[in-house]
């Protein structure tokens, strides 16, 4: 089932633990102390940004109708199946940066070291083996969550029901 | 970008920031912007790195960890970290004091001819306070004995700091009751490091109590020793006119900038820069002469004793180099940004480190170690290096902003308020009377640093203007004093912005409404001045009775935390701009903002808006006036002056 990264911005403290965990997860060694010495240096697919009065980690939204996939001339960006995130076949990427331009969120960038683009893959291999994405696990305030659409909708409907219940109580008081 | 806020209130700094961007040179402001957003755990005081079971972080939202691996709560973690900050601040000021004592001792023992006792009266007064016999004793011997007695305050194993006896009796009894009478300086620093170790103290209030004693040993120990011994060695400051801002640098002279804190070095550089041999050498190298200017507190030291101009405050250290006209920047210790060497690399400017305590990596930074024995020779060597570097200056890169402002510095606890009575009525009586009669509402100390997290100088200026407008006489030290000096508030003409009561007094006596009391160690002068106010009579029995408040609106250094704690624990309400890193610890925060009142008769407040902060201080002063049953203010309808008006232009 396709899942998405959800941020509760009110909980984000901008500690950047997600950035560090992401970089480590996408390193060769997957070990913090070794990763910081690797060359090319591993880099994060998520960036914590400062908004007006809030901070938020931004990463690829894995668009259903992904513009990056559509413009990619070498089919380096693709999906394994409907529920899969948009994945990069690094060998096919020629670094033309069309996807960088097509992305509406500014979360795809060219990596000067590997001459290929960098984007969030929702920690595909981890999730396949039943784990959560590294950023979600790293977030100390649980501001980041990994959920399916059904789970999100169920939560929202529950909240709506609670709200209606409250209104009814008010009216019948 | 959400972070594109106004960076500085200083026009010269603004020009230099523009220049930095034109050249692609990074300054603290740019690095600060690149650092955004900054970690909320650090800001809230919720991360602990005291042991290797960690690092630990407490989730302030409650769904994550509530305790560190050892079981430390948010309160324990924040209190321990805060106390380590106090320890660092106390260590810095006190080690500065130790350096001055060392120079005095070397003079006394005849080990250096470069230093001498310039203020004999003060030496004798301190000797009397220490119980050292002086009658018929040669001055050198007295100096050596005073230095030895001062040394003992550092290693003291029994009893309490001697200068703490200057505090009013009620305060000393309160400290004794609360167990915070400051003991040996080094002992208190060691104690703070010990009790904050993993597995020692974990009661937040007990931890803070250790911290408070460790802060008091700074204010009534290390810092006070630094101030007193500096006055003995280099002379007690007297009011002196000078100018401030980057415009003091000269296009056709060798410009030397001293930056740091300890006057043992900068005093000698002053002498070397005025040496006829050096001036002649500068002329041989094509310059018209030598201009010496200061940054930070070493600037304040030589400003108040020699009228040496000030190039700027903390955030201007990199900007001074961007003028392209500085031959050498000489640094000692504290507030020296590691980023300096990156900026000097873009220019001919030679960065010279002088202390074994503060070195830079890289071979392009000259290290000319300074020792008291060869002080003047070393100073001449450094000045010579600057002169020889003049030929390497690229005049096409020179951009000196034309801004300078006049100021009067050199007020002390001994002289500051005596001026209120003029020459013939030289006592604290006129100050006390002015407060009692309601001409002056009260006193405020506005001190501290610069910090790129607020618009440079803006909080200092806005707060100080608001205070004097409400007839509060302001005293300043450190980079706060330099900020207001650049704005013209430290010149007698600044009285035009004061309320009618304060203005009348300033204009009659000819003093500014804002008095420069020296460097950051000289906050001890404020403590002594307030003791003098009490001794004069009529304004209560304890420091917490006086209508006075303190503030550090742009604080940055751990020294500011240490100062804040000794000031509040001495009974003086103090407002910090951005909060201490404790806000994630509810009980610690509550103790600082409320609980300390019951114990010490004063609390902290955190308020970033300088106008609101000024009014917290004014309200507090009014509360103290009411408690003393003082007369209503003579002029409570004050003329509306514009707190943002331009007082001094170029």
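Of note:
- Between the helical axis of A:149-172 and the longest alpha-carbon principal axis of chain A there is an angle of about 20 degrees.
- Taking only the Cα atoms of the range B:246-397, the radius of gyration and Dmax are 13.6, 41 Å.
- Once C-alpha pairs closer than 8 Å and six or more residues apart are averaged by separation and normalised to the residue number of the range B:412-627, the relative contact order reads 23 percent.
- Ellipsoid semi-axes in whole angstrom, largest first, where each is sqrt(5λ) of the Cα gyration tensor of the range B:412-627: 26, 20, 14
- Expressed in Å, the radius of gyration and Dmax of the Cα atoms of the range B:558-610 are 10.3, 27.
- Mean projection of the Cα convex hull over all viewing directions, computed for the range B:418-543: 7.5 nm².
- Value of relative contact order over chain A, rounded to a whole percent, pairs C-alpha under 8 Å and six or more apart: 27
- The smallest convex shape that holds all Cα atoms of the range A:63-105, its convex hull, gives 68 Å³ per residue.
- Pair-distance profile P(r), taking every C-alpha pair of the protein assembly as shown, with 10 angstrom steps and integer %: 2, 12, 20, 22, 19, 13, 7, 4, 1, 0
- Prolate/oblate/rounded label for chain A (Cα gyration tensor, a/c 1.5): prolate
- Relative to its residue count, the range B:528-569 spans a Cα convex hull of 67 Å³ per residue.
- Least to most buried among B:419, B:41 (fewest other Cβ within 10 Å first): B:419, B:41
- Kirkwood hydrodynamic radius over Cα pairs of the range B:221-296, then Stokes diffusion coefficient at 37 °C and 0.692 mPa s, in µm²/s: 231
- Calculation over all alpha carbon pairs of the range B:175-273 in 5 angstrom steps from 0 returns a P(r) of 2, 10, 13, 15, 13, 10, 9, 9, 8, 6, 3, 1, 0 percent.
- The C-alpha radius of gyration of chain B, expressed as a fraction of 2.2 N^0.38 Å, stands at 0.93.
- Stokes-Einstein diffusion for the range B:74-234, with the hydrodynamic radius set to the Kirkwood value over Cα pairs and evaluated at 37 °C in a medium of 0.692 mPa s, equals 200 µm²/s.
- Gap separating the Cα centres of the range B:532-576 and the range B:38-65, nearest whole Å: 31
- Ranking of B:382, B:618 by neighbouring Cβ atoms within 10 Å, starting from the fewest: B:618, B:382.
- Sorted by Cβ density within 10 Å, fewest first, the residues B:223, B:63: B:63, B:223
- Relative contact order of chain B: 16 percent, from C-alpha pairs under 8 Å at least 6 residues apart in sequence.
- Shielding of B:61-71 by partner chains, average beta-carbon count, 10 Å: 2
All of the numbers you see were taken from the coordinates with simple rules; none came from a lab. Every value quoted in this text rests on a predicted model; they were computed, and no experiment measured them. Methodologically, a virtual Cβ is constructed for each residue, glycine included, from the backbone with ideal geometry; neighbour enumeration extends over all protein chains shown.
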